[in-house]
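What follows is one structure encoded as structure tokens, with my remarks underneath.
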Amino acid sequence: MKIKFRKIPALILAMLLCLTGCMGQYPRPKDFYDCVTAINAGQAQSVLIESGNTFALIDAGQTDSGTNVVSYLQDRGIENIELLVLTHFHSDHTSETTKILKNFNVKKILIPNLSEENTPTSKFFERLIEGAENGDYEIYTAEKGKSFTIGNGTLTVLADTINDKGINDTSTALMYTQEDFTFVDFGDLETDGQEAIIDSLPENVTLAMAPHHGSRDSNSEMLYEKIHPLRVFISAGKDNKYGHPHSETLSVLEKLQIPYYITRQDGSLTWYISDGTLSLED
């Protein structure tokens, strides 16, 4: 795949996006239509997949993280979301879910297949289930091999939910494929969880989200030697108290000569699928 890189000033980028970018309400060439964006969601995570005028959102970000995912989607002119994935039930991945359900037509929701002891008892989770029972949307639980058509590509669950470790390890591991493009997202899956599913992971992927915001406990050399992505996106907020991404994570990526980009310094990160162009939005 031909890889190109460009960094565009915010004003110029906004003008270009109005003409050709990944903006739902504006016509543009198909070559610049299908893309994956790591939204600059502060110390949270939310990834938008756009393909064939169909949208999937992996995680919903966090209301108090400094960046409003709902506003980002509205600015893009998005009205319908084919699939909302909640990789796991930590607030930095789910907090804006209620606002998303209120402001957009969400057709399907994918959640981890949790054991009884791991099932949330929060009002949020109760309302989520009630919405499905009322016919507002359909809820699916993650099972290995379950797949969803998203425009011109397919989003697939890579492994069954892990229930015998911590909450981070209940994260749903996902792969989006479209022709020769492969993207993987692990939520906050930690090293123990990755070891349990390592045989299910693809090799030589195009793009990966660094698990758990680039934390030391989720970004082992083992993982990156297995999937060996061309590029890595890291979602982390400025001056976050966790020190994400950890210096050891960055050292692993540098050792393996894998370029990486961080939302806290590069803004929202978009990979255009058809030509391998990377765009950073300050």
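Could you check which residue among Gln194, Gln74, Gln62 shows the biggest mean-square fluctuation in a GNM of the chain with a 10 Å Cα cutoff?
Among Gln194, Gln74, Gln62, the largest GNM mean-square fluctuation belongs to Gln74.
Can you list the aspartates and glutamates whose alpha carbon sits under 14 Å from that of Lys146, skipping same-chain ones fewer than 8 residues off?
The qualifying aspartates and glutamates are Asp160.
Can you list the HN-Hα couplings for the stretch 212-217, worked out from phi with the Karplus curve (6.51, -1.76, 1.60; θ = phi - 60°), rounded to whole Hz and with x for Gly and Pro?
Listing the rounded values in order: 6, 6, x, 5, 5, 7 Hz.
Considering the chain as a Gaussian network with a 10 Å cut-off on Cα pairs, which listed residue, Gly145, Gly61, Gly187, attains the greatest mean-square fluctuation?
The residue with the greatest mean-square fluctuation here is Gly145.
Multiply the residue separation of Lys102 and Ile129 by 0.36 nm, subtract the distance between their alpha-carbon atoms, and state the gained length in nm to one decimal.
Roughly 8.2 nm would be gained on extension.
Return the single residue from Phe233, Phe104, Phe186 with maximal mean-square fluctuation; model: Gaussian network over the chain, springs between Cα atoms under 10 Å.
Answer for the Gaussian network model of the chain: Phe104.
What are the residues whose amide H is under 5 Å from the amide H of Thr54, where those residues sit 5 or more places off or on another chain and H is modelled from the backbone?
Here nothing satisfies the definition.
Taking the number of other C-beta atoms within 10 Å as the exposure measure, put Met209, Met222, Met175 in order starting with the fewest.
In increasing order of surrounding Cβ atoms, one gets Met222, Met175, Met209.
What is the distance, in nm, between label points placed 7 Å from the Cα along the Cα-to-Cβ direction at Glu143 and at Glu225?
My value for the distance between the label points is 3.5 nm.
Provide the per-residue ³J(HN,Hα) series for the stretch 195-210, in order, calculated from phi with Karplus coefficients 6.51, -1.76, 1.60 and θ = phi - 60°, each as a whole number of Hz, with x at glycine and proline positions.
Computed from phi, the couplings for the stretch 195-210 are 4, 5, 10, 4, 6, 8, 7, x, 10, 6, 7, 7, 8, 9, 8, 5 Hz.
Counting DSSP beta bridges with both partners in the chain, what percentage is antiparallel, nearest 5?
55 percent
Kirkwood hydrodynamic radius, computed over distinct alpha-carbon pairs, for the chain: how many Å, to one decimal?
Roughly 18.7 Å, rounded to one decimal.
Order of Thr94, Thr161 from fewest to most other C-beta atoms within 10 Å?
So the ranking, lowest neighbour count to highest, is Thr161, Thr94.
Compute the distance in nm between two label points, each set 7 Å from the Cα along the Cα-to-Cβ direction, one at Glu254 and one at Asn240.
Each label point lies 7 Å from its Cα, and together they span 2.0 nm.
From the helices alone, meaning DSSP H stretches of at least four residues, give me the mean residue ellipticity at 222 nm for the chain, per-run term -39500 (n - 2.57), in deg cm²/dmol to the nearest 500.
Rounded to the nearest 500, the figure is -6000 deg cm²/dmol.
What percent do you get for the relative contact order of the chain when only Cα pairs under 8 Å and 6+ apart count?
Answer for the chain is 20 percent.
Going by C-beta contacts inside 10 Å, put Ile78, Ile273 in order with the fewest on the left.
Ile78, Ile273
I want to check the label-to-label distance for Ala196 and Asp217. Put each point 7 Å from Cα in the C-beta direction and report it in nm to one decimal.
The answer from the label model is 1.4 nm.
Each reported figure results from applying straightforward, stated rules to the coordinates on display, with no laboratory input. What you see is a predicted model; the values in this text were computed from it and never measured. All Cβ positions, glycine included, derive from the backbone under ideal geometry; neighbour counts span all protein chains shown.
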